[in-house]
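Step one of this worksheet: look at the structure below.
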Amino acid sequence: MSEKFIELLWAEKYRPRSLKDIVNQEEIVKRLLKFVEEKNMPHLLFAGPPGTGKTTAALALAYDLYGNEWRRYVLELNASDERGITVIRNKVKEFARSKLPGDTPFKIVILDEADNMTADAQQALRRIMEMYVETTRFILIANYPSKIIDPIQSRCASFRFTPLKKEDVIGRLHWICRQENIKCLDDGLEVIYEISGGDMRKAINILQSTAALGEVSVGNVYKVIGLAHPREIREILNLALLGKFIEARDKLRDLMVVYGLSGVDVVKQMHREIFSADIKIPEEIRVILAEYIGEIHFRIIEGADDEIQLTALLARIALLGRKVS
Amino acid sequence: MSHERGIPWTLKYRPKTLIEVIDQEEAKSKVIEWLNKWPNVSKKALLLYGPPGCGKTSLVEAIANEYGYELIEMNASDFRRKTDIERIALRASTSHSLFGFNKKMILLDEIDGISAREDEGALEAIQELIEKSNAPIIMTANNPWNQNLRILRDLAEFVQLKKLTKTDMRSMLMRICKAEKIICNEDAINYIIERSEGDLRAAINDLQSVGEGFSEVTLERTKLLLRPRDKEKDPFETLRSIFSANYSWQAKAVINQSQLDYEQLKMWLEENIPLQYTNLEDLERAFEALSKADLYIGRIAKTGDWDLLSYAIDLMTAGIALSAKNSSKDKYRWIKYSFPQRILLASKLKEIRSIRDDIAQILAYHLHVSTSVAKNEIIPLLKTIFTTDPLKAAKIALGLGFTEKMIEYLAGTNKNTILEHYRELKKRVVSHHRSKPSKSIESNNEMYKESVGLNKNSKKEERNLFAFSKKK
């Protein structure tokens, strides 16, 4: 009805709602369907590369267990957003305390990016998982299961999500294009697959952005990628390396005001850029730069001021640039 | 002249006419020109700034006296609340004066003495007074860099008064001595002038305290009674003293004599180090010192331990002064320092960041990702849609329940086109919605807003809009 007035993000619109809609990871889905049937499950650990369906499987499981009102019985936490284990503990406590209607045996806490937690935080999490186990089951989601401490792993049924096959990703993109009446070329979709590295969510997001330009062609895909990754950071680095310190600083200020970037955002983007072939510096200098950037990153998270730290970083880069030229 | 005791000489010898006001010719003519044009002026208020005792208040009083204005005078210590300001405004606007003047002028003295925290509302009241007043308003301040004065920049013309010269001060003190029939020792007068650093009020007070009741002012007694006085350095002098210091104690002493606190100093240094130091190695050393100082300041905030401040100050003063090793002559170069840009940009940056955070929260909720993934992966891609396809962008904005500010952030130069589409679509959705309400979608989004804690107050108004952000 309101379709013609609004548009959703495709990564949301085409996310499988129910386990039955998930076409990949057959073995895992089969096991999860059993949990739904029995209306019982242990704590779960979903591990695997990004965009392989971990979060989708967790949400679909919840949907199949609770139906349309699933959000009432599910607490979604993201370890990289919920700072500190005490915040997590309080949220889980409050969530576990609220009553369950009639026949629902338990509630679910989905903890995404659980491998971002420190070992200490994970120890604390383990206790929380035990404390509320009667009313609450956890689904932990991680890219790297080895970063999850053994005591947690041994308390969870572990599921390894395998990378999606190329034809599965491209097939899905094809299907979405048909639903959306978008013209797509095979090599366009192939490039999207390459760029996204098999990450379905990323692939779908790139597809939607490309479709805004018209047909999904190789040219349009690259255009979108170019637009989405502004060159400013690279330009700032190059200006600094040329010793044009004040210009570099002014450009950095503009960038931060236009995009509202935080110091850590800038530092991370710089870190990505210094290993790109477009920054023409000797290889060993890249490593020295990485150490500088890391030091500044550390100072910022220690509570120092974003802009002063970034400006100091530019001064160092400028000096380094002169030494190598 | 009478010889009665008890009247401060600063009052007794206050100028009655413009000619008696010492120096400040440029300021005089600017003020008179502005006053003559009033109210046909671009800015309805004037702000006279300059060091203490250079004649700001005297200048205004002399002009009022000479040009026949009734002066309605308020001191910063008098007006505290909005009601005080409203009272003056009322007095100024009544047409008849008790004293037979037909023109009125408002003087708000020492305006930089207003504290943003304690005198809440006072600055807003001044703004309002400037906008409404039908009498010219002149304000005075010592420190034009004061944060409080920032909002007045657009409303008032700034006129600078210079520090008085020693010659000017000497002739004034001599005149007073003559009038008071005091024999004046030249060395004593010079000592007083030296000590006052251009502050005539301080000099006259000093002269009175060593001279009144004596027939002669001697250097000996002057030195005995008057100990050297500390003066605050303005931001420019502060920077100059730090950069040019050769010893750590010199540089470290500056922080206690400066108008800038350590937070402000940090920003002034950040802005001006690259202007002073041109050698890249010196520059890097200076910024490394500043960066470490800043790190200590961050640690103070984290630990609450103020003992750490002294390390921060060492690095910010001595650390920076001693960084010029390669090109040490840079230390003494005369530089026109600039006001820290980031103070001007800070509020804008803060607003943009919070908009970005809000967008990320909405995306994180809908796509089940962390806000960091939303910021670094999703927002850039969303931006490409906003820059290439305005209609689609508007539909997405409506679908996700973005505010107009969020749209502006994502759209950049495209914002007007997208906003037009967006408003049009919104109207149609709302009318559509009235005929066909859809319950479950609504409750879903209410839950979202509870979970994220967004727009608690505006829940009701935006209800219709949010009702469509999720398809059943």
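The values are calculated or read from the model by the stated rules, or taken from the named source; none is laboratory data. Source: prediction; values computed, not measured. Virtual Cβ from ideal backbone geometry, glycine too; neighbours counted across all protein chains shown. Only protein heavy atoms, including side chains, enter the accessible area calculation; ligands, DNA and RNA are left aside. Shrake-Rupley method; radii C 1.70, N 1.55, O 1.52, S 1.80 Å.
For the range B:235-339, the spread of Cα positions along the three principal axes, ordered from largest to smallest, is 39, 27, 25 Å. Across peptide B:392-398, the mean count of Cβ atoms from other chains lying within 10 Å of each residue's own Cβ comes to 4. With respect to chain A, whose longest principal axis is taken over its alpha-carbon atoms, helix A:200-211 is tilted by about 60°. Seen against the Cα atoms of chain A and their longest principal axis, helix A:186-196 is set at about 90 degrees. So which residue, out of A:Q153, A:Q123, A:Q309, gets the largest mean-square fluctuation from a GNM of chain A using Cα contacts under 10 Å as springs? Its mean-square fluctuation being the largest, the pick is A:Q309. Going from the isolated chain to the complete set of protein chains, the range A:176-217 loses at least 30 Å² of heavy-atom accessible area (1.4 Å probe) at A:R201, A:K202, A:N205, A:S209, A:A212. Normalised by 2.2 N^0.38 Å, where N is the number of residues, the C-alpha radius of gyration of the range A:2-160 stands at 1.04.
Note on the protein assembly as shown: with charges restricted to the Cβ of Lys and Arg (+1) and Asp and Glu (-1), its dipole about the Cα centre is near 1820 debye.
Residues of the range A:34-75 that bury at least 10 Å² of accessible area when the other protein chains are present, relative to the chain alone (probe 1.4 Å, heavy atoms, ligands and nucleic acids excluded): A:T55, A:L59, A:N68, A:E69, A:R71, A:R72. The residues of the range A:166-228 expose on average 43 square angstrom of accessible surface per residue, using a 1.4 Å probe on protein heavy atoms. Taking chain A as a Gaussian network of alpha-carbon nodes connected by springs under 10 Å, the highest mean-square fluctuation of the residues A:R234, A:R299, A:R126 belongs to A:R299. Extension gain for B:E220-B:Y247 works out to 6.4 nm (0.36 nm per residue, less the C-alpha to C-alpha distance). Largest accessible area first, the residues A:V287, A:V87, B:V254 order themselves as A:V287, A:V87, B:V254 under a 1.4 Å probe with ligands, DNA and RNA left out. Stokes-Einstein diffusion for chain A at 20 °C, viscosity 1.002 mPa s, with a Kirkwood radius from C-alpha pairs, works out to 94 µm²/s.
May I ask you to list the chymotrypsin sites (Phe, Trp or Tyr not before Pro) in the range B:144-236 that are in a DSSP loop and have at most 12 other Cβ atoms within 10 Å of their Cβ?
Filter output for the range B:144-236: B:F214.
Buried area at the A:B interface is about 6500 square angstrom, summed over both chains, from accessible surfaces computed with a 1.4 angstrom probe. Relative to the longest principal axis of the Cα atoms of chain A, the long axis of helix A:166-180 makes an angle of roughly 80 degrees. Evaluate the range B:106-249: find the radius of gyration of its Cα atoms, find its Kirkwood radius, and give the ratio Rg to Rh. Here Rg/Rh amounts to 1.09. Once the Cβ-Cβ distance of B:K427 and B:N376 is raised to the sixth power relative to R0 = 30 Å, the FRET efficiency obtained is 0.30. A compact globular protein would have a Cα radius of gyration near 2.2 N^0.38 Å; the ratio found for the protein assembly as shown is 1.24.
Let me have the 222 nm mean residue ellipticity of chain A computed from DSSP H runs of 4+ only, each contributing -39500 (n - 2.57), with the sum over all residues rounded to the nearest 500.
That comes out to -18000 deg cm²/dmol.
Considering only protein heavy atoms and a probe of 1.4 Å, how much of the accessible area of the protein assembly as shown is carbon and sulfur, as a whole percent? Percent of accessible area from carbon and sulfur atoms in the protein assembly as shown: 51. What the pair-distance distribution of the range B:16-63 shows, using all Cα-Cα distances binned every 5 Å from zero, is 4, 21, 32, 23, 14, 6, 0 percent.
Starting from the alpha-carbon convex hull of the range A:232-324, give the projected area averaged over all orientations, in nm².
5.1 nm²
Which order do you get for A:E76, B:E70, A:E283 if you rank them by accessible area with a 1.4 Å probe, largest at the top?
Details: A:E76 65, B:E70 20, A:E283 125 Å².
The ranking, largest first, comes out as A:E283, A:E76, B:E70.
For the set A:L75, B:L47, B:L11, the ranking by accessible area, highest first and with no ligand, DNA or RNA atoms included, is B:L11, A:L75, B:L47 under a 1.4 Å probe. The orientation-averaged projection of the convex hull spanning the C-alpha atoms of the range B:166-225 amounts to 3.3 square nanometres. Select from A:E130, A:E215, A:E295 the residue whose mean-square fluctuation is largest in a Gaussian network model of chain A (Cα-Cα springs shorter than 10 Å). Maximum fluctuation in the GNM of chain A, among the listed residues, is at A:E295.
Relative intensity of the range A:192-282 on a log10 scale, I(q)/I(0) at q = 0.10, 0.15, 0.16, 0.24 Å⁻¹, equals -0.34, -0.72, -0.79, -1.15, per a Debye sum over C-alpha point scatterers of equal strength in the absence of solvent. Applying 1/(1 + (r/R0)^6) with R0 = 51 Å to the Cβ-Cβ distance of A:A290 and B:K163 gives a FRET efficiency near 0.50.
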